[in-house]
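What follows is calculated from the coordinates using simple rules that are stated; it is not laboratory data. Note that this is a predicted model, so its numbers are computed, not measured. Note: ideal-geometry Cβ built from the backbone for every residue, glycine included; neighbour counts use all protein chains shown.
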Amino acid sequence: MSALDSLLSQLDPKRLPRHVGIIMDGNGRWAEARGQDRLVGHREGSRSVRAITRLSRRLGIRALTLYAFSSQNWQRPAEEVAGLMALLREYLVGERDEIMDNDIRLSALGDLDKLPRLVREPLDALMAESAGNRSMTLSLALSYGGRDELLMACRALLAQGCAPGELDEARFEQCLYTAGLPPLDLVIRTSGELRLSNFLLWQSAYAELHFTEALWPDFREEAFVRALIDYQARERRLGLTSAQVHSTAMKLA
Ligand code: FPP
């Protein structure tokens, strides 16, 4: 049995997270440690994107949201931003068949109007083409910031003329980019940093957090399954007591 199969055998398929968010960090350090340009790290990171997407789909995870480019990332050196945009285009063009063949719906969250045409065009095309796919939603956070998203939702509610008494969590969630997706169950961050860095601030309220020292280009199938095993070892109380959680679980069983 391979190391991956042995890890997979430890997973309970009935208790997988429905929605996983990943802060893909450490591409630059991965490249610098090898004396390479940072873009080499981003390119290797896109191979991790492919591996984790494939495995998520195979396991039946319903939604995978990847933090690919933050609203702050525009401030990086122009050369790195241009290289990342070129890589995103290459990914969107190169992964088209894999996404369609696997019934994956591609979605994007963030201020997409800021993206250059070379990304926006293949992104819009693949989002439209895959809109009817149902097995998994792969969302790319691009030019995304969690605070921006909350402000966007507030502006939308004001524009709708929403009265204070009409506003509740469900109505607010309808105005977020993640409307319609399952609740975020697990957030993974690579590279040893212990922050959310403005990723899915509202949605992560009750998510389990998994931090790993692995740099994103090194985060492949085995590391992902370890994160899922860690998730399954957690007791998700959602504000209840442990006794309440256990009695609910017994009633459901
Ligand atoms: C953070 O690493 C990573 C990014 C800012 C970009 C993430 C992009 C990819 C994984 C590749 C392209 C994406 C897709 C969807 C194909 P960092 O550069 O901040 O690393 P560092 O902290 O070590 O400098």
> Using alpha-carbon pairs under 8 Å, 6+ residues apart, how would you state the relative contact order of the chain in percent?
Replying inline: 28 percent
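Fewest first, what order do Asp218, Asp103 take by the number of other Cβ atoms within 10 Å?
Working: Asp218 16, Asp103 13.
If I rank by nearby Cβ atoms, fewest first, I get Asp103, Asp218.
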> D for the chain, whole µm²/s, Stokes-Einstein with Kirkwood Rh over alpha-carbon pairs at 25 °C and 0.890 mPa s: what number?
Replying inline: 127 µm²/s
>> Largest first, please: the extent of the C-alpha atoms of segment 68-159 along each principal axis, to the nearest Å.
In response: 37, 37, 18
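Quick one: compute the contact order of segment 140-253, relative version, from alpha carbon pairs under 8 angstrom and 6+ residues apart, as a percent.
On the way: 86 pairs, mean separation 26.0, N = 114.
Relative contact order comes out at 23 percent.
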> Label points 7 Å out from Cα along the Cβ direction at Asp37 and Ala3: separation in nm?
Replying inline: 3.1 nm
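Can you figure out the FRET efficiency of Leu194 with Met127, using R₀ = 45 Å and their beta-carbon distance, to the nearest 0.05? Can you show the working numbers first?
Details: r = 33 Å, r/R0 = 0.73.
My answer for the efficiency is 0.85.
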>> At R0 = 35 Å, how high is the FRET efficiency between Ala78 and Tyr206 if r is their beta carbon distance? Nearest 0.05 is fine.
In response: 0.35
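To the nearest 0.05, what FRET efficiency results for Arg134 and Arg226 with a Förster distance of 30 Å applied to their C-beta separation? Can you show the working numbers first?
Details: r = 28 Å, r/R0 = 0.95.
Given R0 = 30 Å and the Cβ-Cβ separation, E is 0.60.
Just the C-alpha atoms of segment 2-151: what Rg/Rh do they give, with Rh taken as the Kirkwood radius? Spell out each step's value before the answer.
Values: Rg = 16.0 Å, Rh = 16.4 Å.
Using Cα coordinates only, the ratio equals 0.98.
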> Stretch Ala170-Ala243 to full length: gain in nm at 0.36 nm per residue minus the Cα-Cα span?
Replying inline: 23.5 nm
>> Using a 10 Å cut-off around each Cβ, can you sort Trp30, Trp74, Trp216 from fewest to most neighbouring Cβ atoms?
In response: Trp74, Trp30, Trp216
